[in-house]
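Visitor: One structure, pasted below without further comment.
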Amino acid sequence: MTQITQTRPMDFDTTLAARRSVRGYLPQELEPALMREVFSLASLAPSNCNVQPWETHVVSGTALRALGAAMTERAKTGKPAAPDVPMVGGYTGVWRARQIGSAKALYGAMGIARDDHEGRTEAFLRNLDAFGAPHAAFVFLPEPFGLREAADLGGYAQTLMLAMASRGIASCAQGALSLYPELIRAHLGLAEGPKLIMGIAFGYEDTSHPANAARTDRAALEDLVSFHA
Ligand SMILES: Cc1cc2nc3c(=O)[nH]c(=O)nc-3n(C[C@H](O)[C@H](O)[C@H](O)COP(=O)(O)O)c2cc1C
C-alpha cells in the first residue's frame, strides 16, 4: 500500500472547499507528531470567555475496532439508544428537504435504493465502526455546560476538521458515534458527567470507497443570510 506522508498545508479557501465528510478509510494511522499538530491547531478555536468547554478522547487502532464492535452489537439488540443529549429527529419542511438531499447523495453513491431497508441499515451500522477509520475523536461537553457552550464545541470540531483537511487528513463528524456513551465511558474508563456530543472519524481517505463519491450542495446564500443596513 502507498505510504501517505504529510503534505504542505493547503491555503484556507482550498482547505474549506476540500473538507467533506469521508466515510471510507485506509488503515494507515497518522504519525504521532502530525496527530499532536492538528489537535494543537484545533485548540486555537475561540470560545466564550476562553473557557474551552470541550474534552476530547482519541481512540485508535484495535481499541477503536473493539469499541465499534461493541456499539454495533448494542445497536443490533434493537434497544433504544441512550445518548447524553437526545436527538431531535423528525425534521420537517426545509430541514427535511435538506436531510433527504444528503441521504440521496450518500445512498445514491453507494447504490442503495430508497426501499432497500437492509442496505440502509448496513450502511448506518458502518457509522458505529467510525467507517473503518484508524482513529476517532470523541468530543465531550464538560459539566455544567449547555447549549451556549455546545456552540463553542461545534467551532472547535470544525477547526479540528479544517486543520486536518489542510494536511490531507479526511474526517467525518458523527452524531451516530454519540448514541451509546455508556459503552464509550466503559471502554475508556471515563466517569459520568461530561456529555458526549459527537465523534469524529479521521484518517486517510480510501478514494475507492463508493461512499466517498457522495457530494452535498448548500442552500442559496439568500436563504441563509440576511444583510441589514
Ligand atoms: C455534528 C455533526 C454530526 C454528523 N453526524 C453524522 C453521522 O452520524 N453520520 C454521517 O454519516 N454523517 C454525519 N455528519 C456529516 C453530515 O452528514 C455532513 O456534514 C453533511 O451532509 C454535509 O456534507 P459534507 O460534510 O460532505 O460537506 C454529521 C455532521 C455534523 C456537523
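The values are calculated or read from the model by the stated rules, or taken from the named source; none is laboratory data. Just so it is clear, the model here is predicted, and its values are computed rather than measured. Note that each Cβ is placed from the backbone with ideal geometry, even for glycine, and that neighbours are counted across all protein chains shown. Accessible surface areas use protein heavy atoms only, side chains included; no ligands, DNA or RNA. Shrake-Rupley method; radii C 1.70, N 1.55, O 1.52, S 1.80 Å.
Visitor: Could you tell me the relative contact order of the stretch 12-214? Use alpha-carbon pairs under 8 Å, at least six residues apart, and round to a whole percent.
Guide: 42 percent
Visitor: Right, something else. Points 7 angstrom from Cα along the Cβ direction at Ala151 and Tyr91: gap in nanometres?
Guide: Placing both labels 7 Å along Cα→Cβ, they lie 2.0 nm apart.
Visitor: For the stretch 1-119, with only Lys/Arg (+1) and Asp/Glu (-1) charged at the beta-carbon, what is the dipole magnitude about the Cα centre, in debye rounded to 20?
Guide: 340 debye
Visitor: Continuing with this model, one more query. Where does each of Glu122, Glu192 land when they are ordered by accessible area, with a 1.4 Å probe and the largest first?
Guide: The residues order as Glu192, Glu122, largest area first.
Visitor: I would also like to ask the following. Take the Cβ-Cβ distance between Ala213 and Glu31 as r, set R0 to 30 Å, and report the resulting FRET efficiency rounded to the nearest 0.05.
Guide: Efficiency, from the Cβ-Cβ distance: 0.60.
Visitor: Still on this model: Assuming 0.36 nm per residue, please report the length gained on full extension of the stretch Ala113 to Ala70 beyond their Cα-Cα distance.
Guide: 12.7 nm
Visitor: Can you give the accessible area per residue of the chain, in Å², using a 1.4 Å probe? Could you put the intermediate results ahead of the total?
Guide: Working: 12960 Å² over 229 residues.
So the chain comes to 57 Å² accessible per residue, rounded to a whole number.
Visitor: Tell me, rounded to the nearest percent, the portion of alpha carbon pairs in the stretch 12-214 spaced more than 32 Å apart.
Guide: Of all Cα-Cα pairs in the stretch 12-214, 13 percent lie more than 32 Å apart.
Visitor: Run the accessible area of the stretch 12-214 with a 1.4 Å probe and give the carbon-and-sulfur part as a rounded percent.
Guide: 57 percent
Visitor: Could you give the longest part of the chain that holds none of the chymotrypsin sites (Phe, Trp or Tyr not before Pro) found in DSSP loops with at most 12 neighbouring Cβ atoms within 10 Å? If you can, show how the numbers build up before the last one.
Guide: Values: sites that count: Tyr91, Phe227.
The answer is 92-226.
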